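The structure appears right after this line, and notes come after that.
Taken together, the values in this text are just the output of simple stated rules run on the coordinates, not laboratory data. In this text the structure is predicted, and so the values were computed from the model without any measurement. No Cβ is skipped: glycine too gets one built from the backbone with ideal geometry, and neighbour counts run over all protein chains shown.
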Amino acid sequence: MERKEAIRKFLQTLLARKSDAQPFSDDASLFLSGRLQSVDAVALAVFLEEKFGMDFAEMGFDQERLDTVNAISSLIEESSNARR
Amino acid sequence: MSAPDPQSADNQSDAPQTAPPAPRPFSFLRGFRVIPRIETYPWVVAFAQTIAGKATILALFGLGLYYATWLHYLHNPRWKVQICFLVVVTALPEYRRIVLVLGTICWAFGIWWQWAEHPQIIQAAISLVLAALIFSLAIRFCTSWFGRRPVATLLTGFALTVLLTSYLPRGGSLRIMSFNFLPVAGAYLWFLAYSLIDISSKNRDSVALQVGAYQPIWGSSGTPFPKGSAYLRRIEAKNPEQLAVAQLKGLKLLAWSLILDVFLEYVYKPLVHGYLGIPYYEFVFHLSLIRAPFTWYIGWASLIAEFLGKLVEFSIFGHRIIAVCRMAGFLALRNTWRPLASPTIAEFWNRYYYYFKELLVDCFFYPAFLRYFKKWGRWRLFASTVAAAGFGNAFFHFFRDLNYVDELGFWRALAGFQTYIFYTIVLSVGIGISQIRQQNSENKTETKNVGWIRRRLIPPLCVSGFFCILRIFDYTYKRYPISESFRFLAHLFNLVS
């Protein structure tokens, strides 16, 4: 839950930069719907690298897998399992 | 490089704003639209889902495609093929991707390569088989060093093949065959790159569906419209309502492209080049090349007229392709969206040629940012931007025009490419600086309180001015040295006669 909260908080910051204060669920599409863009994907990738130690150079970068809170959370889970 | 995407997929017209709306004059015109947002009217969407509605939309779209063809006195049968495809794909939405594959293959071998300077069907067939083979090999060896860098491996392999081919003896049959084949393979290169990116997806498409996105039936250039198979999978209409909305948006976009076309042909060109007598840019540049005199203000007028005219032409080109794509049930974003309103250089580039920018982001920017410049700290974004908008852009254009490599040889063609290389350097540095400025301004609250003129008018004017002047160097034909472009620039400032 804490992980999802951290992700949600960061996504809210990104949306706030675009004056987008609309709420979003854990399954709501953010990139494919156009609410967030490629510059935000880069910011999100840096956040995930720093906060959760993810390495996109190793695991590959797919914007679709960053599209929702749930998808990001699963990706982090997958990444931490792979590191163990 | 990674500036905001031009439009939301859900609402094409309501693009995400990078800043809060400022008070503006003529705000009463804000809700005005040349073409109403019919896709938001429930009764229109409901009607578009009926057989009569679909038939009406298809008939109107066919009429529009016919008129667009007639407007340019073309006798190209492509509009007939496209409308037949759209009828089938509308009737069989559950088989959309399969129909797309079949349509694309018919298009490639019946129209696209058949209508080339000389038919290149064999080369196209070999290219597709080779692409399928590379795709399968990349899946098979996805854990190897090359397999983890499939796009870099593909591009390096293609560049080396071109380099080696340029050393084959002139007039030899192997060289002739190779330079007949390589441009065709090059036309599929970036489509294959998107397929290779899709390999890491959990639910990647099969090789057959990937091929359906290679030079698809709605048309394309070397730049994949709209990206690759993975993108099509994501933006495909999932139910009748989404299909209706996509088709209504497609119809609207075609209508808009026709309005722009009529404006360009019957208003802009007669007014600018006829009534006002502003010469075409090519003509004025030619005068500069042969050292014939012309006044500096004529140079400026022709450059600005060229810049604005090409913007409209380019919008029409992209709108036509995306309109057919949307009619097929894929809710793709527009290629060009209000570039003249861009407040930053990065945003202009994003709005001007969205799918080329996306190509460079996917093939160069992300790999550079996430893999190669990880330890560059605050320079990471800038370096990755230069890698994509600079190196990637130059790479794309150099290997697109392989006839020059055949004609001049590899190294002389590269030397002749100096003007465009300069263009990509200035462009990428401009975009990089623009992004850094954008990031800094996001942290400053006081900049948000500036007035409409400083916020909405001056930045777009400066940005458009930058791209207008840079157009002098947007030259890929390798026919004259960069000094001629600088000479023309000096002429604009009345520094040379």
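Residue-normalised convex hull volume from the C-alpha trace of the protein assembly as shown: 173 Å³ per residue. A Förster distance of 35 Å, applied to the separation of the beta-carbon atoms of B:Ile121 and B:Trp145, puts the FRET efficiency at 0.45. For region B:94-213, the alpha carbon convex hull comes to 98 Å³ per residue, rounded to a whole number.
Between the listed residues B:Leu489, B:Gly103, B:Ala301, the Cα displaced farthest toward the positive end of the dipole of chain B, a dipole computed from Cβ unit charges relative to the Cα centre, is found at B:Leu489. Put a dot 7 Å past the Cα of B:Ser221, heading toward its Cβ, do the same for B:Asn180, and the two dots end up 2.8 nm apart.
Treat chain B as a sphere of radius equal to its Kirkwood radius over Cα pairs and apply Stokes-Einstein at 20 °C in a medium of 1.002 mPa s; give the translational diffusion coefficient in µm²/s, rounded to a whole number. The calculation lands on 88 µm²/s. In region B:47-109, the C-alpha radius of gyration followed by the widest Cα-Cα span (Dmax) gives 12.8, 36 angstrom.
I'd like the trypsin sites (Lys or Arg not before Pro) in region B:149-205 restricted to DSSP loop residues with at most 16 other Cβ atoms within 10 Å, sorted by number. Loop-located and lightly packed - B:Arg170, B:Lys202.
Taking other Cβ atoms within 10 Å as a rough exposure proxy, B:Tyr41, B:Tyr353, B:Tyr423 sort from fewest to most as B:Tyr41, B:Tyr353, B:Tyr423. Of the Cα atoms belonging to region B:268-392, the radius of gyration and Dmax stand at 19.3, 58 Å. With Cα atoms as the point set, the radius of gyration and Dmax of region B:184-294 evaluate to 21.5, 63 Å. The fraction of Cα-Cα pairs per 5 angstrom bin, counted from 0 for region A:1-68, comes to 3, 15, 30, 28, 17, 5, 1 percent, rounded to whole percents. Distance between the 7 Å Cα→Cβ label points at A:Lys4 and B:Ala415: 6.4 nm.
Within the shell defined by Cβ-Cβ distances under 15 Å, the residues around B:Thr90 carry a net charge of +2, with Lys and Arg each +1 and Asp and Glu each -1. Based on Cα atoms of region B:370-497, Rg over Rh with Rh as the Kirkwood radius reads 1.07.
Residues within the reach of a label modelled at A:Glu50 (point 7 angstrom out along Cα to beta-carbon, backbone nitrogen below 14 Å), restricted to region B:375-396, are B:375-381. With θ taken as phi - 60° and the Karplus curve 6.51 cos²θ - 1.76 cosθ + 1.60 applied, the whole-hertz 3J(HN,Hα) list for region B:224-231 is x, 10, x, 6, x, 4, 4, 5 Hz, x standing for glycine and proline.
Computed extension length for B:Val496-B:Leu60: 151.6 nm, one decimal, from 0.36 nm per residue of separation with the Cα-Cα distance subtracted. Taking amide hydrogens as placed 1.01 Å from N in the peptide plane, the amide H of A:Gly34 sits under 5 Å from those of B:Ala9, each at least 5 positions away in sequence or on another chain.
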